[in-house]
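Undergrad: Here it is, the structure, as structure tokens.
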Amino acid sequence: MESAILPQMNAKHINPILNVSDISASFAWFEKWGWKKMWDWGTPPTFGAIGSGECEIFLCLGGQGGRGKGANAYTFGPDGDEMADKGVWMSVFVDNVDEIHKQCAAAGLDVTFPPNDMPWNVREMHVRHPDGHVFRVSQGIECE
């Protein structure tokens with residue numbers, strides 16, 4: 001049996017959709033670490049987007065995916081639990097992880113893994129949204 005060769009997809013953008021419990025509070029949370037509200041939809045809003053650079057994330061009030069913050073204080077490390085949170089995990093690459101860490105810490109955000117040089121050649125930290133979505137904030141580092 002011959003298999004058909006399918007045409008290659010040419011995706012233009014990919015926008016994750018996060019299930020949030022409070023859309024206004026989520027807009028405010030993202031603004032604390034440098035994202036901005038792009039738009040919202042509905043009266044009162046039940047859907048919207050935040051953006052940073054060329055990236056955009058959709059926020060959906062009470063639907064489209066899972067959410068849930070675990071009881072874990074850390075996501076990585078000896079006391080960490082990367083399976084406890086029920087939200088989405090996303091990787092965000094930035095120019096300076098340590099500056100983002102300072103900004104998140106100053107804003108009182110839930111940093112669940114401070115900046116560390118990882119064996120996969122990135123400097124990485126984690127910050128957790130109140131609904132259990134975890135952002136792996138990374139920058140590439142030189143191999144030695």
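The values are calculated or read from the model by the stated rules, or taken from the named source; none is laboratory data. Every value quoted in this text rests on a predicted model; they were computed, and no experiment measured them. Note that each Cβ is placed from the backbone with ideal geometry, even for glycine, and that neighbours are counted across all protein chains shown.
Undergrad: Looking at Met38, Met83, which is the one that is loosely packed, with under 14 Cβ neighbours inside 10 Å and either assigned to a loop (DSSP other than H, G, I, E, B) or in contact with a strand residue (DSSP E or B) (Cβ under 6 Å, 6 or more places away or on another chain) (or both)?
TA: Step by step, each of Met38, Met83 is checked, and only Met83 is loosely packed, with under 14 Cβ neighbours inside 10 Å and either assigned to a loop (DSSP other than H, G, I, E, B) or in contact with a strand residue (DSSP E or B) (Cβ under 6 Å, 6 or more places away or on another chain) (or both).
Undergrad: A further question follows. Residue under question is Gly108, and the condition is that it be under 20 Å from Pro16 (Cα atoms) and among the small types (Gly, Ala, Ser); does it hold?
TA: Criteria not met by Gly108.
For (1) of a type in the set (Val, Ile, Thr); (2) touching a Cys at 6+ places or on another chain (Cβ under 7 Å); (3) within 13 Å of Phe135 (Cβ to Cβ), each residue gets a yes or a no:
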position: Gly62; (1), (2), (3): no, no, no
position: Thr75; (1), (2), (3): yes, no, yes
position: Gly87; (1), (2), (3): no, no, yes
position: Asn96; (1), (2), (3): no, no, no
position: Lys102; (1), (2), (3): no, no, no
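Undergrad: Would you say Glu56 is among the charged types (D, E, K, R), at negative phi and either surrounded by 18 or more Cβ atoms within 10 Å (Cβ to Cβ) or more than 13 Å from the chain's Cα centre (by Cα) (or both)?
TA: no
Undergrad: How many residues does the range 108-144 contain that are small (Gly, Ala, Ser) and within 13 Å of the chain's Cα centre (by Cα)?
TA: Selection size over the range 108-144: 2.
Undergrad: Taking the range 87-134 as the region of interest, how many residues are within 15 Å of Phe76 (Cα to Cα), free of Cβ contacts under 8 Å to residues at least 24 places away in the same chain and assigned to a loop (DSSP other than H, G, I, E, B)?
TA: Selection size over the range 87-134: 2.
Undergrad: Checking Gly77 against (1) in contact (Cβ under 8 Å) with a residue 24 or more places away in the chain; (2) crowded, with 17+ Cβ neighbours inside 10 Å; (3) within 23 Å of Gly108 (Cβ to Cβ); (4) not basic (Lys, Arg), which single condition isn't satisfied?
TA: Going through the list (1) in contact (Cβ under 8 Å) with a residue 24 or more places away in the chain; (2) crowded, with 17+ Cβ neighbours inside 10 Å; (3) within 23 Å of Gly108 (Cβ to Cβ); (4) not basic (Lys, Arg), Gly77 breaks only (2).
Undergrad: Does Gly48 satisfy being among the small types (Gly, Ala, Ser), at pLDDT below 95, under 18 Å from Asp22 (Cβ atoms) and in contact with a strand residue (DSSP E or B) (Cβ under 6 Å, 6 or more places away or on another chain)?
TA: In short, no.
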